[in-house]
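What follows is a single structure, written as structure tokens, with notes after it.
The values are calculated or read from the model by the stated rules, or taken from the named source; none is laboratory data. Bear in mind that the values here come from a model prediction, so they are computed numbers and not experimental data. Note that each Cβ is placed from the backbone with ideal geometry, even for glycine, and that neighbours are counted across all protein chains shown. These accessible areas exclude ligands, DNA and RNA; they are computed on the full protein's heavy atoms, side chains included. Shrake-Rupley method; radii C 1.70, N 1.55, O 1.52, S 1.80 Å.
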Amino acid sequence: MSAEFWNMGGYALYVWGSFGAALAVHLWNVLSARAQRRRLLDSLADSEGEQPVDE
Amino acid sequence: MNWTWFHRLGSPPSFYRFAGTLAPWLGGLGLAALAYAWYAGLVLAPADYQQKDAFRIIYVHVPAAAVSLSLYMLMAVAGGIALIWRMKLAECVLIATAPVGASFTALALLTGMLWGKPMWGAYWVWDARLTSELVLLFLYVGVMGLKAAFDEPRAAARACALLALVGVVNVPIVHFSVEWWNSLHQGSTVLKFGKPNISAQMAVPLYAALLATYLLAGQAILRRAQNELLSRERNTRWVRETLTELGGDPHVS
């Protein structure tokens, strides 16, 4: 990629800042849901052995 | 018409499985659409004749803002269903949507600031569009805070549903703020009735970015709703069976 492309006509900070923030949000959405699941499965594994009840 | 499929989908184990099947598709297609949209938006689309390359922020700002409003509507509808029919799945969708919606609202605000600085000369102005979008963020964060404040999940969901429903009045304010008040923020370019005021070369990447953002937000909501269901139903037989199916390594999805 050329320097001209990365420079974005002088708006590099704003353009790349925006796309970087978007990338961070998409990543956070995937990773935070995954981390939530991991924590939950750990806590469920800890409480194993309690009697299951059906509703 | 036969509605059995709908009732079946409303049952926690069926929805859990359905979400587990659908989520990877939404994630994969969303990622592909995002890759295309960003390549086309950053490389293929020509610079705007007025805004030059700064206009490219549209490819992250508009999808984030559109999704932030749509997810609020989803959250409010789920809240209504949760309040009226006390449907467990609706409560889970409501709880799952709040953090995802908050993330895209924050992104819309941040990219708006990064776009406002070079174009308007200010990161922030207390204008109707910007202020109502900030209120939207507070509503999402409020729902998340309410959820965290209750130990009992059903009581939490009822409180969250009420807040979500009261806050829905803000959604048309955000959407129509640029028409109702004199705003620094421009009117709709694409998301309106009639012909879009944008050339196809610039519009197609925007449609792709919108599609991508909706798909990825959908993926995140399904995953969080799955977590919420597992947590709520932890003492039921289907969760025990699901955990057994996951086998020795509980970290495999």
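Its residue count N fixes a reference of 2.2 N^0.38 Å for chain B, and the Cα radius of gyration divided by that reference is 1.12. Each Lys and Arg Cβ is given +1 and each Asp and Glu Cβ -1; about its Cα centre, the protein assembly as shown then shows a dipole of about 360 debye. For segment A:32-47, a reduction of at least 30 Å² in accessible area between the chain on its own and the assembled protein chains (probe 1.4 Å) is found at A:Ala33, A:Gln36, A:Arg37, A:Arg38, A:Leu40, A:Leu41, A:Leu44. For segment B:52-233, the per residue solvent-accessible surface stands at 41 Å², with DNA, RNA and ligands left out and a 1.4 Å probe.
For the chain pair A and B, the buried solvent-accessible surface (1.4 Å probe, both sides summed) amounts to about 3700 Å². Only Cα pairs under 8 Å and 6+ residues apart enter the sum, and on that basis the relative contact order of chain B stands at 31 percent.
Diffusion coefficient of the protein assembly as shown by Stokes-Einstein, Kirkwood radius over Cα pairs, 25 °C, 0.890 mPa s: 118 µm²/s. Starting from the Cα gyration tensor of segment B:17-91, take the square roots of the eigenvalues, sort them a ≥ b ≥ c, and report rounded, prolate or oblate (rounded when a/c is under 1.5, otherwise prolate if a/b is larger than b/c, else oblate). Because a/c hits 1.5 or more and a/b fails to exceed b/c, segment B:17-91 counts as oblate. Put simply, the convex hull of the Cα atoms in segment B:111-248 casts, on average, a shadow of 12.8 nm². Simple spin-label estimate for A:Trp6 and B:Ala122 gives 3.5 nm between the two label positions (7 Å along the Cα-to-Cβ direction from each Cα). With the charge dipole of segment B:102-250 set up from +1 on Lys and Arg Cβ and -1 on Asp and Glu Cβ about the Cα centre, the Cα lying farthest toward the positive end among the listed residues B:Trp120, B:Leu243, B:Phe150 is that of B:Trp120.
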